[in-house]
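Take a look at the structure below.
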Amino acid sequence: MAAFDLEGVVRALDGIRAQWRTSQQRAREPGEREFPSREALADIFDKFKRALFPMRLGPVDMRHESENFYVGYTLDAALRSLLEQARLELRRHAPADAGVEEHAAAIVRRFAAALPDVRRLLDSDVLAAYHGDPAARSV
C-alpha cells in the first residue's frame, strides 16, 4: 500500500488557509463559521417542504392525528437553523453590535408568517395545472 505524507499535506493546507484568512481579514476564532452553509440551507428547505406537505413529503408512517405535531416540530427545527444561517450572512455585512440578532430574528419571523400564504399559493398552482390552465404550463 502506498504511504502518503498526510500530516505534511494537512499542515501545508492549514498554512495556506491561514494565509488566505489573514490576507482577507477573516476570523480566526476556532469553530466560527463565516459563511452560510449550502448543506445546511438544503436541509432547511427540505424541512420546509416536508412541513408544508407532511402527508406527501413527510415520514412514510405519517398519520393525520400526528400531522400538526410533526409540522410544528419540523418547522421549529427549520426556523432555528434558518435563523443561524441568517445571522452568519448578516454578520458578514454588518459592523459589530449592529443589531444582527434582532434583524435576523425579524427576517425569519416574517418568513415564517408567510408560510401559510406560500402553501395556499402552491395549492392554487397545483390545481391550475391539474385543471389545464395554460398559464400554469408557461414559463
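The values are calculated or read from the model by the stated rules, or taken from the named source; none is laboratory data. Everything quoted here is computed from the prediction, not taken from an experiment. Please note: Cβ atoms are built from the backbone with ideal geometry, for glycine as well, and neighbour counts cover all protein chains shown. These accessible areas exclude ligands, DNA and RNA; they are computed on the full protein's heavy atoms, side chains included. Shrake-Rupley method; radii C 1.70, N 1.55, O 1.52, S 1.80 Å.
Computed values, structure above
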item	result
Any hit, segment 71-82, residues being modelled with pLDDT of 90 or more, in a helix (DSSP H, G or I), more than 30 Å from residue 122 (Cβ to Cβ) and open to solvent by 50 Å² or more (accessible area, probe 1.4 Å)	no
Selection status of residue 48, open to solvent by 40 Å² or more (accessible area, probe 1.4 Å), over 19 Å from residue 34 (Cβ atoms) and not charged (D, E, K, R)	no
Near pairs, Cβ below 6 angstrom, 6+ apart or cross-chain, from segment 39-64 (farther than 15 Å from residue 123 by Cβ and touching a residue at least 12 places away in the same chain (Cβ under 8 Å)) to any residue that is β-branched (Val, Ile, Thr) and surrounded by 13 or more Cβ atoms within 10 Å (Cβ to Cβ)	47/74; 50/74
Condition broken by residue 129, with the remaining ones in (1) under 18 Å from the mean Cα position of the chain (by Cα); (2) hydrophobic (A, V, I, L, M, F, W, C); (3) part of a helix (DSSP H, G or I) satisfied	(1)
So residue 69, is it in contact with a Ser or Thr (Cβ under 9 Å, 6 or more places away or on another chain) and aromatic (Phe, Trp, Tyr)	no
Test: residue 88 is modelled with pLDDT under 95, within 14 Å of the chain's Cα centre (by Cα) and open to solvent by less than 50 Å² (accessible area, probe 1.4 Å)	yes
Pairs with Cβ under 6 Å, 6+ apart, first in segment 113-139 and closer than 17 Å to residue 56 by Cα, second at pLDDT 80 or above and surrounded by 10 or more Cβ atoms within 10 Å (Cβ to Cβ)	119/52
